[in-house]
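Starting off with a structure, shown below.
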Amino acid sequence: MSQKPITMDHVKQIVQLKQDGVAIKEIVRRVGICRNSVRKYLGLVDADASDLSSKELADKVYNNDALEYNTNRLQQLFIFFEYASTEQPKTGVTRKLLLHEYLQKHPDGYAYSQFCYHLKQHQKQGDLAMHLEYTSGDVSMIDYAGKLLYYTDEQTGEQIACQIFISVLPFRGLIYSEAAHTQKTADFIHCINGMLSFFGGAPSTILCGNLKTAVIRPSRYEPVFTVVFRTGL
């Protein structure tokens with residue numbers, strides 16, 4: 001079996017499965033870690049370890065010299081992820097950018113593939129997921145991309161900034177995108193018309209965020225829309 005990187009979540013899962021009476025052979029299948037490693041981690045922690053947080057479990061197992069990966073590197077990575085979780089939602093922040101910043105602080109840290117793997121595992125701990133069902137033609141979701149793009153005027157060579165309008169039909173996964181000079185009403189209506197033409201019809205609902213072009217006063221329950229949205233496009 002190909003051995004994948006082992007995180008504290010894997011150790012917790014191993015202990016919890018053992019506590020639930022699952023056989024080691026089945027634990028190996030579910031967790032994807034070889035039998036010897038499963039036995040080793042069961043020998044490193046107490047039976048109540050499943051009740052510990054990932055950090056508490058890490059502190060517990062790090063005290064044992066038999067653990068195969070470097071303690072300080074993983075601890076430093078966990079600390080950096082707390083910072084990364086506040087930076088990643090910002091426009092233009094990518095995993096490669098975070099990795100570059102991480103390696104500047106910790107030159108002997110993890111490489112890209114391991115960094116991304118542990119980051120994904122870290123994000124799973126706090127993510128909540130909900131499955132949504134959609135009906136064909138029921139809704140179109142629209143918004144503008146957060147970061148400006150540019151095109152070059154062939155005659156003058158000037159770089160001109162543009163807003164990127166994006167729409168998706170969630171039932172089909174069909175995406176429409178168009179560049180516009182601004183988010184003002186005239187450009188917004190032009191993009192909406194282009195979207196409807198591309199989709200070949202109008203959905204029952206056009207769902208948007210708090211776009212200033214569409215929403216005057218945002219509210220969870222009774223938002224106030226612009227004249228364009230109140231009277232129809």
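Could you state the accessible area per residue of segment 90-191 in Å², with a 1.4 Å probe and every protein chain left in place?
Ligands and nucleic acids excluded, the figure is 68 Å² per residue.
Describe numerically, in nm with one decimal, the distance between label points set 7 Å from Cα along Cα→Cβ at GLN159 and at HIS131.
4.5
Let me ask you something else. Which order do the peptides 34-41, 201-208 come out in when sorted by mean C-beta neighbours inside 10 angstrom, highest first?
34-41, 201-208
Then there is this: Rounded to whole Hz and in sequence order, give me ³J(HN,Hα) for segment 207-217 from the Karplus expression 6.51 cos²θ - 1.76 cosθ + 1.60, θ = phi - 60°, writing x for Gly and Pro.
Result, ordered by residue: 9, 10, x, 8, 5, 5, 5, 10, 10, 7, 10 Hz.
While we're looking at this one, here's another question. With a Förster radius of 45 Å, plug the Cβ-Cβ distance of THR86 and SER197 into 1/(1 + (r/R0)^6) and report the FRET value to the nearest 0.05.
Between THR86 and SER197 the formula returns 0.65.
Something else about it: With every protein chain left in place and a probe of 1.4 Å, what is the accessible surface of HIS122, to the nearest 10 Å²?
Here the residue's solvent-accessible area equals roughly 40 Å².
Can you figure out the FRET efficiency of LYS212 with ARG172, using R₀ = 35 Å and their beta-carbon distance, to the nearest 0.05?
0.75
The values are calculated or read from the model by the stated rules, or taken from the named source; none is laboratory data. Please read these numbers as outputs of a predicted model, since none were measured by experiment. Don't worry about glycine lacking a Cβ; one is built from the backbone with ideal geometry, like all the others, and counts go over all protein chains shown. Surface areas here come from the heavy atoms of the whole protein model, side chains and all, with no ligands, DNA or RNA. Shrake-Rupley method; radii C 1.70, N 1.55, O 1.52, S 1.80 Å.
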